[in-house]
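Undergrad: Let me begin by handing over the structure; questions about it come next.
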Amino acid sequence: MATGVNRKISAASARAHTRRAKKPNSPQLPSGILGTALAVLFIVFLAWAYKVIQPPPHKICGTPDGPPITAPRIKLRDGRHLTYKEHGVPKDAAVYKIIFVHGFDSCRHDAVPAEALSLDIVEDMGIYIVSFDRPGYGESDPDPNRTLKSIALDIEELADQLVLGSKFYVVGFSMGGQVVWNCLKYIPHRLAGVVLVAPVINYWWPGLPANLTTEAYGQQNIQDQWALRVAHYLPWLTYWWNTQQWFPGSGVIYGSVHVLSREDQELLPKMSHRKSYRAQIRQQGDYESIHRDLIIGFGNWEYSPLDLENPFPNNEASVHIWHGDDDQMVPVTLQRYIAQKLPWIIYHELPGSGHLFPYADGMSDTIMKTLLLAK
């Protein structure tokens, strides 16, 4: 009968057979080094982001690296220069002296009433018009410290240096019309009469009903809504937002047709002459011209036009607003509300007209005669 064989296993041998194989250790960075590396990467990212959102330096006209000076200009109180262009009868022979304020992405050459006004009316009524490049546009020096009040004081100083007299007329179109509110606020004693032609409205002006602004804002194209939202809430991001290539910026800046009404598109051929000076408009840089306009125009204002009192209580002058009811850029509903809140303003609404109605035949004659012959 077979018998089993007893085998003795030593304790050391048992431990050797039951010991689990060790896994190789993966290299680990000390926590201090890892934290430092993350901090460095974060700083590098911030530096890159800061560089990306910074606009390039502007090129001032007349400087070694800047565009040439080709038009007359005045030197302002702070050393800046303001370039201007004269139209109509000679200044010394004029009965009516008018300062025209151009709109967004425009310059002194875009003096719509002056260019379209009938020669007979100009000569018979003795009309002199001076247009100027707003700061940062054309050949006028940029104004990094620009405020709502400073542009009104620029206009007053232009009038004084050109010796236009104690009172003068002011006409503004589009964004230039918005600037005219500042003249009514800060230099009303210098005004002989005022016209705001399709003036741009800031959706964040205090006093505008929330339901109206929400409805009007919602009618804008989504890319324009975001462009204005950034200009208002994140002004330091305005340049980057409208120059990056990931998604569309302002449709107005890029000339999208969706911001034009049917009539506006029909009037576009009348603006073909702009090709001859188009390059001059932003020649000193986009930021101090169009982007500064957005930041100031849609920022937080220190006053609301809806709170203005009649600057001419004795009817010594008149204030007019002209607006098209099919304006796709500036909602007519908000313009109507402003006119209702300020009954001393004479409101003219044009059925079927869009934003560019001043270019329509005979429109400039009508606007100027209404202003100058108002009693």
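The values are calculated or read from the model by the stated rules, or taken from the named source; none is laboratory data. Every value quoted in this text rests on a predicted model; they were computed, and no experiment measured them. Note that each Cβ is placed from the backbone with ideal geometry, even for glycine, and that neighbours are counted across all protein chains shown. Ligands, DNA and RNA are excluded from the accessible area calculation, which covers all protein heavy atoms including side chains. Shrake-Rupley method; radii C 1.70, N 1.55, O 1.52, S 1.80 Å.
Undergrad: Could you tell me whether segment 116-139 includes any residue that is part of a helix (DSSP H, G or I), small (Gly, Ala, Ser) and touching a helix residue (DSSP H, G or I) at 6+ places or on another chain (Cβ under 6 Å)?
TA: There is at least one residue in segment 116-139 that is part of a helix (DSSP H, G or I), small (Gly, Ala, Ser) and touching a helix residue (DSSP H, G or I) at 6+ places or on another chain (Cβ under 6 Å).
Undergrad: Suppose we keep only residues that are assigned to a loop (DSSP other than H, G, I, E, B) and of a type in the set (Val, Ile, Thr) within segment 73-115. Which one would you say is most open to solvent (accessible area, probe 1.4 Å)?
TA: Only one residue fits best here, namely Val95.
Undergrad: Mind checking which residues of segment 157-196 are closer than 21 Å to Leu294 by Cβ and among the β-branched types (Val, Ile, Thr)?
TA: Val179, Val180
Undergrad: Among the residues of segment 140-168, write down those that are in contact with a strand residue (DSSP E or B) (Cβ under 7 Å, 6 or more places away or on another chain) and either more than 17 Å from Lys91 (Cβ to Cβ) or assigned to a loop (DSSP other than H, G, I, E, B) (or both). Working first, answer last.
TA: Within segment 140-168, the subset in contact with a strand residue (DSSP E or B) (Cβ under 7 Å, 6 or more places away or on another chain) is 140-141, 154-155, 158-159, 161-162, 164-165, 167-168.
Matches in segment 140-168: Ser140, Asp141, Asp154, Leu162, Leu164, Gly165, Lys167.
Undergrad: Taking the criterion of being part of a helix (DSSP H, G or I) and surrounded by fewer than 20 Cβ atoms within 10 Å (Cβ to Cβ), would at least one residue in segment 308-326 satisfy it?
TA: Looking for residues that are part of a helix (DSSP H, G or I) and surrounded by fewer than 20 Cβ atoms within 10 Å (Cβ to Cβ), one finds none in segment 308-326, hence no.
Undergrad: Which ones in segment 146-167 are more than 15 Å from the chain's Cα centre (by Cα) and closer than 25 Å to Asp307 by Cβ? Give the derivation first.
TA: Initial filter on segment 146-167 (more than 15 Å from the chain's Cα centre (by Cα)): 149-150, 152-167.
Lys149, Ser150, Ala152, Leu153, Asp154, Ile155, Glu156, Lys167 - these are the residues of segment 146-167 that are more than 15 Å from the chain's Cα centre (by Cα) and closer than 25 Å to Asp307 by Cβ.
Undergrad: If we keep just the residues of segment 40-94 that are modelled with pLDDT of 95 or more and of a type in the set (S, T, N, Q), which is farthest from Pro144 (Cα to Cα)?
TA: Thr70
Undergrad: List every residue pair whose Cβ atoms sit under 6 Å apart, with the two residues 6 or more apart in sequence or on different chains, where the first one lies in segment 114-125 and is among the hydrophobic types (A, V, I, L, M, F, W, C) and the second, anywhere, is surrounded by fewer than 18 Cβ atoms within 10 Å (Cβ to Cβ).
TA: These pairs meet every condition: Ile121/Asp365.
Undergrad: Scanning for something within 30 Å of Gln225 (Cβ to Cβ) and open to solvent by 10 Å² or more (accessible area, probe 1.4 Å), does segment 119-141 turn up at least one residue?
TA: no
Undergrad: Can you find even one residue in segment 343-365 that is touching a Ser or Thr at 6+ places or on another chain (Cβ under 9 Å), small (Gly, Ala, Ser), surrounded by fewer than 17 Cβ atoms within 10 Å (Cβ to Cβ) and at negative phi?
TA: Checked against the condition, which is being touching a Ser or Thr at 6+ places or on another chain (Cβ under 9 Å), small (Gly, Ala, Ser), surrounded by fewer than 17 Cβ atoms within 10 Å (Cβ to Cβ) and at negative phi, segment 343-365 yields no hits at all.
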